[in-house]
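I have placed the structure first, in the form of structure tokens, so that the comments after it can refer back to it.
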Amino acid sequence: MNKEILSSLLEKKYELQRRISAIEADFRKGRSQDFSEQTCENKNNEVLNEIHLEAKIELGLISQALIRFENKEYGFCSQCNGVIHPKRLKILPYIDTCINCAK
């Protein structure tokens, strides 16, 4: 189970890194000189900014989970040190609290 979760975390990490890089490359491209195109691009930028922010937050959570793996702390609640249910970890592999402490 832990190898499966570790693999999932690493896959998600690389996927998020690619997404973040693609968004940042899009921002560096520059924008059109056409005013009507700029309006569309501004709306697109708002969406990309939100996706970028969410990806960076999730990447941070995944990085923290990988550190917990390295430190052999993964799967244990950061609040009560109890075991986090494997089903919870499968759904949210970067979670660091058990269901009781999350409430």
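Hey, could you check region 53-97 for residues that are among the aliphatic types (A, V, I, L, M), surrounded by 13 or more Cβ atoms within 10 Å (Cβ to Cβ) and touching a Gly at 6+ places or on another chain (Cβ under 9 Å) and say which is modelled with the highest pLDDT? Among those that are among the aliphatic types (A, V, I, L, M), surrounded by 13 or more Cβ atoms within 10 Å (Cβ to Cβ) and touching a Gly at 6+ places or on another chain (Cβ under 9 Å), it is 84. When region 3-31 is filtered for residues that are free of Cβ contacts under 8 Å to residues at least 12 places away in the same chain and of a type in the set (Ser, Thr, Tyr), the ones remaining, listed by number, are 7, 14, 21. Among the residues of region 72-83, are any closer than 20 Å to residue 3 by Cα and assigned to a helix (DSSP H, G or I)? There is no residue in region 72-83 that is closer than 20 Å to residue 3 by Cα and assigned to a helix (DSSP H, G or I).
Exactly one residue among 57, 67 is under 19 Å from the mean Cα position of the chain (by Cα) and closer than 18 Å to residue 7 by Cβ, and that residue is 67.
The set of residues in region 84-103 being in a helix (DSSP H, G or I), over 17 Å from the mean Cα position of the chain (by Cα) and β-branched (Val, Ile, Thr) consists of 99 alone.
The values are calculated or read from the model by the stated rules, or taken from the named source; none is laboratory data. Here the structure is a predicted model, which is why all the values come from computation and not from measurement. Here Cβ is always computed from backbone atoms with ideal geometry, including for glycine, and neighbour counts include all displayed protein chains.
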